[in-house]
Amino acid sequence: MQVSSIHFKRSVTQKLNDAKLQNALSRLQTRFVEGRAAVIGEIGDFEETRTAAAAIRDRVLGNLDQWLLRFEQQAKARGAIVHWAESDADVNRIVTEIAAQHQVRKVAKSKSMVTEECGLNEALEAAGIEVMETDLGEYILQLAHEAPSHIVAPVVHKNKEDIADLFAEKHNRPRNTDITELCREAREILRPSFLAADMGISGANFLIAETGSALIVTNEGNGRLVTTLPRVHVAITGIEKVVPTLEDVTTLLRLLPRSATGQSITNYVSVLTGTKEADDQDGPEHFHIILVDNGRSSLLGGEMQSMLRCIRCGACMNHCPVYQNIGGHAYGWVYPGPMGSILTPTFVGLENAPDLPNASTLCGACGVVCPVKIPLPDLLRQLREKQMDRGLKSWQEKTVLKLWGWLARRPVAYALATKIAVRILRFSGGKERLLHHLPTATGWTTGRDLPAPHGKTFRELYRQRKLS
């Protein structure tokens, strides 16, 4: 997926003026935010569980190489073939080679953000292999030639009328806006793909070192069909997804669905171990697992290491006031929201995503809801500091910050400057006491009116109250 994060500000303007998108994003509050709030109370020791989950992830990251080797050993013992991919190009090459080895002509895929990260579909299609996305949301996006806008609900930016128009065009059937019927229509199109696919490709929410298993959680049956019906199954996931034991993964599963979709548990939890045995009724004859680095190992041992705890629940973006207003596409790469504002600059370079570390109010909501206690606001601040250290800020911003710093170190000058500023702003607000336009700071007033100050600074009000 091509990175377009450099155009973040321009994209934000477009998204804020997109009435249809704004209406679609308004559903996040009830669908995910309120849903999460309703189910976390089911866990009596919720905060203790979060602490335990963070400790599990840190335990792995502290000795990641050893846990990965343990996983590889156990997976091989059960018939799987484990591949190591340093880059996205390696992922695409390995999957294409596996497909050629097994004479694959058609691939059925379940949702995988790592394959989006690698541009796998395009690589397979370039090799003459037909690829069918079978997750409903991803299937819709494949028809529309669009990227996901959310890591859990990839088509959250569309409404049923958009999907009805798309299906009528692509399926050559009468237009239908009934959600149940739209799902049925997609099912009728997708079902033959499960039966005809030579290869199934999935991600993995977790890798279990104890058993060599890949675990996926889904709310659609496509995940199980993709991983059990085709004769070849390829699971692709990041190296950080390994978990020591089955007991550890159950702790994480108490948090993942509740944080992601507001469910106590997803409809399907599939533990995929090894290849089909002689007495098994289903399962792949060949099971390949690709462990992807693609920049992840560079975070180990550094100040961004805690970002590798992430279990891809999407809670941070669901609760982020920035994401709630602009959606996922504005971020310009696979991962949106607070997590994307950290991962994208880290993976593709700060110079290619200079605005993302600043795409946050630092309200702290993302850190509060993160099930594995990633200090997201702190990491965003650290990236901002890196930008300053590397000279990636504009001269205007650096000048303003230097001026503010100079004033902040001189209380008398600061008091005088703020006294003058609030009186000018009060006058500018007029009878309405509202600022409709701020020269040199139009970003603050493009979509809102700011209340004008009453005409006195905090220092003046404090002194006045103290004397009275």
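Things to note:
- Using every pair of separate Cα atoms, the Kirkwood estimate puts the hydrodynamic radius of the range 125-173 at 11.6 angstrom.
- Solvent exposure ordering (accessible area, 1.4 Å, most first) of 428, 110: 428, 110
- Each Lys and Arg contributes +1 and each Asp and Glu -1, all at the Cβ; summed about the Cα centre of the chain, the dipole is approximately 3080 debye.
- Compactness relative to 2.2 N^0.38 Å, alpha carbon Rg of the range 334-468: 1.33
- Only the Cβ atoms of Lys and Arg (+1) and of Asp and Glu (-1) were treated as charged; on that basis the dipole of the range 99-152 about its Cα centre amounts to roughly 240 debye.
- Farthest towards the positive end of the charge dipole of the chain, among the residues 261, 467, 375, is the Cα of 467, using unit charges on the Cβ of Lys, Arg, Asp and Glu.
- Range of Cα positions in the chain per principal axis (Å), largest first: 88, 56, 44
- Residues of the range 1-57: accessible area per residue with a 1.4 Å probe, Å²: 58
- Cα centroids of the range 325-404 and the range 46-104: 28 Å apart.
- Pairs from the list 76/373; 76/276; 158/393; 15/160; 20/373; 111/158 with a Cα-Cα gap above 24 Å: 76/373; 158/393; 20/373.
- Solvent exposure of the range 283-435 as accessible area per residue, Å², 1.4 Å probe: 44
- Model label sites at residue 420 and residue 251, defined 7 Å from Cα along the beta-carbon direction, differ in position by 5.8 nm.
- The value given for the range 138-215 is a Kirkwood hydrodynamic radius of 14.7 Å, derived from the mean inverse Cα-Cα separation.
- Average Cα contact separation per residue, the chain, under 8 Å, 6 or more apart, as relative contact order %: 20
- Surface composition of the range 12-160: carbon and sulfur make up 49 percent of the accessible area, probe 1.4 Å.
- FRET efficiency for the pair residue 58 and residue 86, taken as 1/(1 + (r/R0)^6) with r the Cβ-Cβ distance and R0 = 30 Å, rounds to 0.80.
- Simple rule: put +1 on each Lys or Arg Cβ and -1 on each Asp or Glu Cβ in the range 66-202, find the dipole, and look at 92, 134, 156; the Cα lying farthest toward the positive end is 134.
- When the P(r) of the range 212-311 is calculated, the portion above 17 Å amounts to 61% of the C-alpha pairs.
- Cα-only Debye scattering, the range 227-271: base-10 log of I(q)/I(0) at q = 0.18, 0.23, 0.28 Å⁻¹: -0.74, -1.01, -1.09
- Proximal charge balance of residue 463 [Cβ under 12 Å; K/R count +1, D/E count -1]: +4
- Listed residues 412, 104, 348 arranged by accessible area, highest first, probe 1.4 Å: 412, 348, 104
- Reachable aspartates and glutamates from residue 241, criterion Cα separation under 18 angstrom, eight or more residues apart if same chain: 58, 65, 72, 86, 88, 116, 117, 210, 293
- Treating r as the C-beta distance of residue 20 and residue 191 and R0 as 41 Å, the FRET efficiency rounds to 0.85.
- Largest-first ellipsoid semi-axes for the range 54-210, taking √(5λ) over the Cα gyration tensor eigenvalues, angstrom: 33, 20, 14
- Between the helical axis of 160-171 and the longest alpha-carbon principal axis of the chain there is an angle of about 40 degrees.
- Taking only the C-alpha atoms of the range 183-232, the Rg (one decimal) and the largest Cα-Cα distance, Dmax (whole number), read 12.6, 41 Å.
- Charge dipole magnitude, Cβ of K and R +1, D and E -1 - the range 120-200, Cα centre, debye nearest 20: 260
- Overall dimensions of the range 1-81, expressed as equivalent-ellipsoid semi-axes from the Cα gyration tensor (√(5λ), whole Å, largest first), are 38, 25, 14.
- Heavy-atom accessible area with a 1.4 Å probe sorts 402, 111, 158, largest first, into 402, 111, 158.
- Restricting the calculation to Cα atoms, the range 283-337 yields a radius of gyration followed by a Dmax of 15.6, 47 Å.
- At a probe radius of 1.4 angstrom, the accessible area of the range 88-145 per residue rounds to 38 square angstrom.
- Protection proxy ranking, peptides 184-197, 166-179, average beta carbon neighbours within 10 Å, highest first: 184-197, 166-179
- Evaluating kT/(6 pi eta Rh) at 25 °C and 0.890 mPa s, with the Kirkwood radius of the range 82-135 over Cα pairs in the Stokes-Einstein relation, gives 216 µm² s⁻¹.
- Across the range 17-144 the C-alpha pair distances fall into 10 Å bins from zero in the proportions 10, 22, 28, 28, 13, 0 percent.
- Each Lys or Arg adds one and each Asp or Glu subtracts one; over the other residues with Cβ under 11 Å from the Cβ of residue 8, this totals +2.
- Acute angle (nearest 10 degrees) that the helix 88-101 long axis makes with the longest principal axis of the chain, alpha-carbon atoms: 20
- Compared with the alpha-carbon gap, the fully stretched path from residue 103 to residue 48 is longer by 14.8 nm at 0.36 nm per residue.
- 0 to 90° range, to nearest 10: angle between helix 337-348 axis and the chain longest Cα axis: 70
The values are calculated or read from the model by the stated rules, or taken from the named source; none is laboratory data. Nothing here was measured: the structure is a model prediction, and the numbers come from that model. All Cβ positions, even for glycine, are placed from backbone atoms using ideal geometry, and neighbour counts span all protein chains on display. Please note that ligands, DNA and RNA were not included when accessible areas were found on the heavy atoms of the full protein model with its side chains. Shrake-Rupley method; radii C 1.70, N 1.55, O 1.52, S 1.80 Å.
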